[in-house]
Amino acid sequence: FHGIISREQADEILAGVEGAYILRESQRQPGCYTLALRFGNQTLNYRLFYDGKHFVGEKRFESIHDLVTDGLITLYIETKASEYISKMTTNPIYEHIGYATLLREKVSRRLSRTKNESRKASVTSEENTPVEKISSLVRRAALTQNDNHFNYEKAHNFKVHTFRGPHWCEYCANFMWGLIAQGVRCSDCGLNVHKQCSKYVPNDCQPDLKRIKRVYCCDLTTLVKAHNTQRPMVVDSCIREIEARGLKSEGLYRVSGFTEHIEDVKMAFDRDGDKADISASIYPDINIIAGALKLYFRDLPIPVITYDTYSKFIEAAKISNPDERLEAIHEVLMLLPAAHYETLRYLMIHLKKVTLHEKENFMNAENLGIVFGPTLMRPPEDSTLATLNDMRYQKLIVQILIENEDVLF
């Protein structure tokens, strides 16, 4: 640290020493600090920040030395290979990943079956494939060839990641450089790519069950793709149980089960997935299962009726003409993500069955609308006033969906 000195003084100190750096306090803005770094026969000045870690951009570092090391690596790569970097995404290997993985899996199976044969010959035949260059590609089974796979579109959930040891981008097949935070990793499927390459990766994330730690509070599309089902298994299991023994239960969905028991059901699904036991022998009170289903919908990070479509549904509910309102609601339904649409459709078919037993359970479409309105849809902004103002429209939307499920879906 050299105190308050000018850019010119910093340049004199660093002159001729490539890769050297000093810290100085700004003359123009006392109290602000600058990293002066010598690279490419010139002194580069960066505003330096500290929030528990040092940073000049997005990356945070424990020490200035690490920050400079990473900066020099990045500057060198981007200076010496700028033309190459600009063309990295023009010929991606990503489109061939499914094939490459299938190829690798066939090789693995063949090797395991032929222990007495020469393994070297089998492996050598694949050495020139992209797979050998991308070590982490052995994860993507050829799901597109699985007839039971529900091909819902899902964006990757990329987060900045620090890789230990050399890593290559699974989109462009190029080296991921830097000391830390060299690229991004999808926390749902494990795909590793450059940050700039992440913009080009299609919305084809196939979540890995090993990475999905829970069922509740998990994104709906992520959960169904991880389990390769049309709908969340919680919805299927709970509705199946309710229809088997609870359709005539008085106040179904309105009467609350014991909170502790509902939490037990939640933990059972989080722990055991579709193998969770919610039978009458374990939970004789059907209101516990109904409560667990409602809790699942409330805990979704993105509601079944998504934030993106919320205002459109509310506007549709305000239309006075019944036929026009129904048409408007149908148009908005088409905007829902496929997994959300299928889950909502299945739930409405179930709730229609509940209303058919109104004489016993006293639950008509309007009553169910009151219960499920705020459960299935929430305003994007966390505003109590907006929620209160929209409550009657939320109720009306669900009521209409139940009453017209055969037409709308």
Just the residues that are open to solvent by 10 Å² or more (accessible area, probe 1.4 Å) and in a loop (DSSP other than H, G, I, E, B), please, taken from segment 190-212. LYS195, GLN196, TYR200, VAL201, PRO202, ASN203, GLN206, ASP208, ILE212
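Only one residue in HIS156, HIS167, HIS96 is open to solvent by 60 Å² or more (accessible area, probe 1.4 Å) and at pLDDT 50 or above, so which one is that?
Details: HIS156 fails: open to solvent by 60 Å² or more (accessible area, probe 1.4 Å); HIS167 fails: open to solvent by 60 Å² or more (accessible area, probe 1.4 Å).
So the residue among HIS156, HIS167, HIS96 that is open to solvent by 60 Å² or more (accessible area, probe 1.4 Å) and at pLDDT 50 or above is HIS96.
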Residues of segment 318-340 satisfying the condition of being farther than 15 Å from ILE400 by Cβ and free of Cβ contacts under 8 Å to residues at least 24 places away in the same chain: MET334
Filtered residues of segment 358-393 (kept if without any contact (Cβ under 8 Å) to a residue 24 or more places away in the chain and assigned to a helix (DSSP H, G or I)): GLU358, LYS359, PRO374, THR384, LEU385, ALA386, THR387, LEU388, ASN389, MET391, ARG392
Is segment 335-347 home to any residue that is under 27 Å from LEU223 (Cβ atoms), of a type in the set (D, E, K, R) and assigned by the TED database to the domain that holds ALA244? yes
Name the one entry in ASP208, ASP219, ASP147, ASP188 that is at pLDDT below 85 and under 30 Å from TYR341 (Cα atoms). ASP147
Please find, within segment 34-55, the residue that is nearest to GLU18 (Cα to Cα) out of those that are touching a Phe, Trp or Tyr at 6+ places or on another chain (Cβ under 7 Å) and open to solvent by 60 Å² or more (accessible area, probe 1.4 Å). PHE49
Note on ASN287: of the conditions (1) open to solvent by less than 60 Å² (accessible area, probe 1.4 Å); (2) of a type outside the set (A, V, I, L, M, F, W, C); (3) not in a helix (DSSP H, G or I), unmet is (3)
Selected residue [assigned to a helix (DSSP H, G or I) and modelled with pLDDT under 50] from LYS120, LYS115: LYS120
Exactly one of SER256, SER249, SER187 is open to solvent by less than 50 Å² (accessible area, probe 1.4 Å), touching a helix residue (DSSP H, G or I) at 6+ places or on another chain (Cβ under 8 Å), of a type in the set (Ser, Thr, Tyr) and without any contact (Cβ under 8 Å) to a residue 40 or more places away in the chain, and that residue is SER187
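The values are calculated or read from the model by the stated rules, or taken from the named source; none is laboratory data. As the structure is a prediction and not an experimental result, all values here were calculated from the model. Note: ideal-geometry Cβ built from the backbone for every residue, glycine included; neighbour counts use all protein chains shown. Side chains are part of the model used for accessible areas, which takes the heavy atoms of the whole protein and leaves out ligands, DNA and RNA. Shrake-Rupley method; radii C 1.70, N 1.55, O 1.52, S 1.80 Å.
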